[in-house]
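The values are calculated or read from the model by the stated rules, or taken from the named source; none is laboratory data. No experiment lies behind these values; they were computed from the predicted model shown. Note that we place each Cβ from the backbone using ideal geometry, even for glycine, and neighbour counts take in every protein chain shown.
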Amino acid sequence: MKLNVQTMAWFLLGGCLAGISPLQAQKQIGLKKGPNISLNITNPHKDPKRTYLNIGLLSHFPQLNGVGINVISSTVQGNANGFQLSGITNISGLNASGVIISSIANVSGKNLNGVALSGLMNIGGKRVNGIQLSALGNVGGASLNGVSVSGLINLSGKNAAGFHLAGLANINRNNYQGIAIGGLMNACGEDSKGVQVTSLLNVAGKSSKGVQLAGLGNVSVTNQGLQLACANYSEKNKGLQLGVANFSNEGKKGLQIGIVNISADSTAHQWGVINLKPKTRTQLLISGGNANKANLSVRFKNKYTYTQLGAGAYYLDTNKDFSFSGFYRAGLYISLTSRLTLNGDVGYYHIETLDNKHAGIPARMYAIEPRISLEYQALKRLGIFAAGGYNWTRTYQGNKFENKGVFEAGLVLF
């Protein structure tokens, strides 16, 4: 009975040891054994076995510390260190370091370090560091760092840093630091520190602390750098937005420069043709004078400044054929009393003379017109004004057409 107990004890102990050994081996070796058609120089006394030279058709071995060249593919169960060249794929169960070249894909279960060149993809299960060149994509499960160039996409599961160039997009889940150039898009889920350049759209999920340059638009929750595009949006603008249209909800620490600037913050700083804030007053002006005989314009009036867009008829005298102009004015005003204000502005006019060109008058001209006006608010939504100034009218070739004093009077609605 004692013998049987001892026998059973030794049997169970041996079984436990036998069970532990494969588990430990699995921690060291990432992939199971497979077919191996190759010639190898291997040290069998190392654990795991180390292969220093591998030349074959299809290889599968525990670890590479040297050179591996295969016609079809190379599969290393654990770590691959050195130079790998395969006709189709290079696969390592754990880490791959060195120079790795294949026509289809280079794949590592954990980290991919060094230079990776592939016809389609380079993939690292965790971190990818170094230089990656591929026709389709470079993918890092956790991070993608270094120089990544792909025909389609560079993708990281967490952070990315370095220089990334992609034909379609550079996308990472968390932070990006460096230079990202994407054919259509650059996107990061959190902070972008560096430069994002694309033809379509740049997106920073939290903050942009560098330069966003896009053909169409830039988007960030907080802009702390430069946004340059046709349209720029930031929830909090603490930097510079430069574009055709700029949008922000908070902007007292930033600046918007564009054709149209829109902010939900009354303290935002704006330079543009049209500047809109919560307290911007939009008014309609109907007027006439000795320049345009009839005018219709819209004025955007802020705390101390205003801009005005409009059009007028019969810029030339009424005894001539019909002519018209489009104009833009920008100016300042001060309140003299609760109902009376003094305005000063400068206007630019583009003039089309139409059929008058047949009478020897230039077909197109421009004019610069500074003026001063007094405005009286008769009712809450009705005012009147009278303005006087001076007008210089020139052809676009620089020839003088006329200089004259101008006056204008009209109504202010709303």
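Here are a few things to note about the model shown:
- Some residue of region 321-340 being within 45 Å of the chain's Cα centre (by Cα), over 22 Å from Arg394 (Cβ atoms) and not hydroxyl-bearing (Ser, Thr, Tyr): yes
- Filtered residues of region 308-321 (kept if polar (S, T, N, Q), surrounded by fewer than 20 Cβ atoms within 10 Å (Cβ to Cβ) and in a strand (DSSP E or B)): none
- Within the set Tyr376, Tyr396, Tyr390, the sole residue that is of a type in the set (Ser, Thr, Tyr) and surrounded by 13 or more Cβ atoms within 10 Å (Cβ to Cβ) turns out to be Tyr376.
- Screening the candidates Tyr349, Tyr304, Tyr314 for the property of being modelled with pLDDT of 95 or more and either assigned by TED's automatic domain parsing to the domain that holds Ala409 or under 15 Å from Ser373 (Cβ atoms) (or both) yields one hit, Tyr349.
- 2 or more residues more than 21 Å from Val273 (Cβ to Cβ), of a type in the set (Gly, Ala, Ser) and out of contact with any helix residue (DSSP H, G or I) (no Cβ under 6 Å at 6 or more places or on another chain): qualifying strands (runs of 3 or more DSSP E) within region 326-414: 382-395, 400-413
Yes or no, residue by residue, for (1) aliphatic (A, V, I, L, M); (2) over 34 Å from the mean Cα position of the chain (by Cα); (3) assigned to a strand (DSSP E or B):
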position	(1), (2), (3)
Asn70	no, yes, yes
Ser73	no, yes, yes
Leu85	yes, yes, yes
Ile91	yes, yes, yes
Leu94	yes, yes, no
Ile101	yes, no, yes
Gly114	no, no, yes
Leu117	yes, no, yes
